[in-house]
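Data block below; observations after.
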Amino acid sequence: MHYRNRLSVIAFLFLIALAPVAVAQNLGADDGRYRPLGREIAAEIGRDLGERLYEVRTYDPEPEVGEFSAATLFYPLTLSFDPPIPSVVLVPGYRGTQAAYDWWGPALASLGIAVMILDTNTPEDSLEDRSNALVAAVDFLQAENGKDGSPLQNRLSMDKIGIMGHSLGGGASLAAARELGDSIGAVVALTPYCCELRQSFTGDYSDLMVPSLIITTAEDTVAPPDTHGRLLYESMADSVDKAYVEFATGAHNLPTNAGTDLQTLALYTVVWLKQHLDDNAALAEWFTGEPEGDLAEKFSRFESSF
């Protein structure tokens, strides 16, 4: 065989050996779930933070669990010698479905974080139901990591799992984090609704030790910060890593596909997840002091415990 041809064959075989298992996966470019906007957001964040950008795949695991009805996994296409990757689970808000949040999939997975977005059993599931769904989803991810034939087999880091939620799901994410404890490394509550519907916050999260980021918006009329997100933040102990980011503008649906300034929202979410799931302590500076330049005008309140 000609020397150059031999090299081509060797290179081809090498690439095949590196490729992850491709079972029940979808390249996702045209199926409505892989929004180009998420990829564009990730590319800009990657430039800002000096982070590697990955190709993204989707996978429908068809979970047979009682706590949630369906899920889509967005995951980075890593090489066989790459270390296991962090992952997060996202639960929608009241009457929300995973389709309303699918920009998060390519946005986070492009930056090396696998994302599982849930559908609850019914769109009207309670805060407690959503909390139970998150707890079950963490168990499901752990099982998926050990499942023969899964494209995620042995690719997830079991000590780098986070949870996220919007609105009623945001309140649920904090409740689930309390239950999950040190089995997860971070929680992000997005315009959280504090409690079960039409109830006032009388709780106490001083025993919550999971690093927690709460993102609200001053214009939220569904879960106004002063009676929801801000109260949740103030109920947490100062000894835990916590941060409170309040956008000056934007509606309650800020984290959905229809939200405004998804770029900034994703930036601070990625920084939080990379800081606490990837142990990137250098990123803590994004939450210390006041934002500068163009970012300073975006927030009405911004603080952290560190």
Which of V91, V210, V240 moves most in a GNM of the chain, Cα contacts under 10 Å? V240
Would you mind counting up the charge near T249? Only other residues with Cβ under 11 Å from its Cβ, with Lys and Arg at +1 and Asp and Glu at -1. -4
Given +1 on the Cβ of Lys and Arg, -1 on the Cβ of Asp and Glu, and no further charges, what dipole in debye does the chain carry about its Cα centre, rounded to the nearest 20? 1080 debye
May I ask you to evaluate 6.51 cos²θ - 1.76 cosθ + 1.60, the Karplus curve with θ = phi - 60°, for each residue of region 292-300 and list the ³J(HN,Hα) values in order in whole Hz, giving x for glycine and proline? 10, x, 4, 5, 4, 7, 7, 10, 9
Per residue, what volume in Å³ does the Cα convex hull of region 48-166 take up? 102 Å³
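For the peptides 169-176, 241-248, 46-53, what is the packing order when you average, over each peptide's residues, the other Cβ atoms within 10 Å and list the highest mean first?
Ranking the peptides 169-176, 241-248, 46-53 by packing returns 169-176, 241-248, 46-53.
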Specify the residue with the greatest mean-square fluctuation among W103, W272, W286, computed from a Gaussian network of the chain linking alpha-carbon atoms under 10 Å apart. W286
Under a plain spin-label model, where a point goes 7 Å from the Cα along Cα-to-Cβ, how far apart in nm are D182 and T202? 3.3 nm
Hey, if we sort E285, E144, E297 by accessible area with the 1.4 Å probe, largest down, what's the order? E297, E285, E144
Acute angle (nearest 10 degrees) that the helix 168-180 long axis makes with the longest principal axis of the chain, alpha-carbon atoms: 80 degrees
Give, as a single signed number, the net charge of other residues whose beta carbon lies under 13 Å from the beta carbon of V135, with Lys and Arg counted +1 and Asp and Glu -1. -3
Angle in degrees between helix 36-49 and the longest Cα principal axis of the chain, rounded to the nearest 10: 90 degrees
Area of I215 that stays accessible when all protein chains are in place (1.4 Å probe, Å², to 10): 0 Å²
Which whole-number percent gives the relative contact order of region 158-202, counting Cα pairs below 8 Å spaced six or more residues apart? 46 percent
Taking K and R as +1 and D and E as -1, what net charge do the other residues with C-beta under 14 Å from the C-beta of T120 add up to? -4
The chain: most fluctuating residue of Q199, Q275, Q142 per GNM, C-alpha cutoff 10 Å: Q199
How large is the helix-only mean residue ellipticity at 222 nm for the chain, computed as the sum of -39500 (n - 2.57) over DSSP H runs with n ≥ 4, divided by its residue count, in deg cm²/dmol to the nearest 500? -9500 deg cm²/dmol
For the chain, just list the percent of Cα-Cα distances falling in each 10 Å bin from zero outward, please. 6, 29, 36, 19, 6, 2, 1, 0
Region 162-247 - Rg (one decimal) and Dmax (whole number), Cα, Å: 11.4, 34
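The values are calculated or read from the model by the stated rules, or taken from the named source; none is laboratory data. These numbers come from a predicted model, not from an experiment. Virtual Cβ from ideal backbone geometry, glycine too; neighbours counted across all protein chains shown. Calculation scope for accessible area: heavy atoms of the full protein, side chains included, ligands and nucleic acids excluded. Shrake-Rupley method; radii C 1.70, N 1.55, O 1.52, S 1.80 Å.
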